[in-house]
Amino acid sequence: TTRQPTPLEEAVSKMTVREVTIPAGTELPVVLDTAVGSDTSRVEQPVTAHLSRAVSVDGQQVLAEGSTVSGVVTDATRSAKVKGRAHVAVRFDTVVPRGDNERYRIQSAAIRTAPATKGEDAVKIGAPAAGGAIIGGIIGGGDGAAIGAAAGGGAGTAVVLSTRGEEIHLPAGTALRVRLTEPLTVRIRG
């Protein structure tokens, strides 16, 4: 027969804290809670999102679904009538695990939008082979456009392309995959 732990032993085991490292290159599946737009956002405006599913390392859950991910708008430029197209960029820099009040600094690739080349009229995304953030789901105006991975982009960033004269909007509920560029060590209780 196996001995049951005493209440004191159970309490001590729940207080045990260990560190687990989420490796660089891990994608955090997030959903925007804050809408972002080339004509509605401003630089340094706070942006929040939450994990749409748990993040695990070696089969162990490290960050629970619903954990808060936050950052700021790093660029917001309206479309110009004569020259220049809309673009907006966001970088996430903090994660707070659900049910915890500990804040962790994260290093992640910026999510950057940019204009399409002349003649292109669909909203598109280009993701670099080496990493960055990938926007999934539907983005766009009236008819919208499916967003998928495509070649191109730039070092560490994803690029959303829009037509000249149109503003870029990432509404609340937009699904993003934010790629960690540095490892993240999280303390887990239990």
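The values are calculated or read from the model by the stated rules, or taken from the named source; none is laboratory data. This structure is a prediction, so every number in the text was calculated from the model and none was measured. Counting neighbours? That spans all protein chains shown, and the Cβs are built from the backbone with ideal geometry, glycine included. When the accessible area is computed, the model is the full protein with side chains, heavy atoms only, and any ligands, DNA or RNA have been set aside. Shrake-Rupley method; radii C 1.70, N 1.55, O 1.52, S 1.80 Å.
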What do you reckon, is residue 16 touching a Leu at 6+ places or on another chain (Cβ under 6 Å), in contact (Cβ under 8 Å) with a residue 60 or more places away in the chain and of a type in the set (Ser, Thr, Tyr)? no
In the stretch 1-72, which strands (runs of 3 or more DSSP E) lie fully inside it and hold 3 or more residues that are open to solvent by 60 Å² or more (accessible area, probe 1.4 Å) and within 22 Å of residue 189 (Cα to Cα)? 17-22
Residue that is at negative phi and either of a type in the set (Gly, Ala, Ser) or free of Cβ contacts under 8 Å to residues at least 60 places away in the same chain (or both), where the choices are 2, 40: 2
Given (1) polar (S, T, N, Q); (2) surrounded by 17 or more Cβ atoms within 10 Å (Cβ to Cβ); (3) under 21 Å from residue 178 (Cβ atoms), identify the lone condition not met by residue 94. (2)
Matching residues in the stretch 175-186 - criterion: being within 18 Å of residue 75 (Cα to Cα) and either open to solvent by 10 Å² or more (accessible area, probe 1.4 Å) or touching a Ser or Thr at 6+ places or on another chain (Cβ under 7 Å) (or both): 178
Say whether the condition of being over 15 Å from residue 184 (Cα atoms), free of Cβ contacts under 8 Å to residues at least 24 places away in the same chain and not basic (Lys, Arg) is met by at least one residue in the stretch 74-82. yes
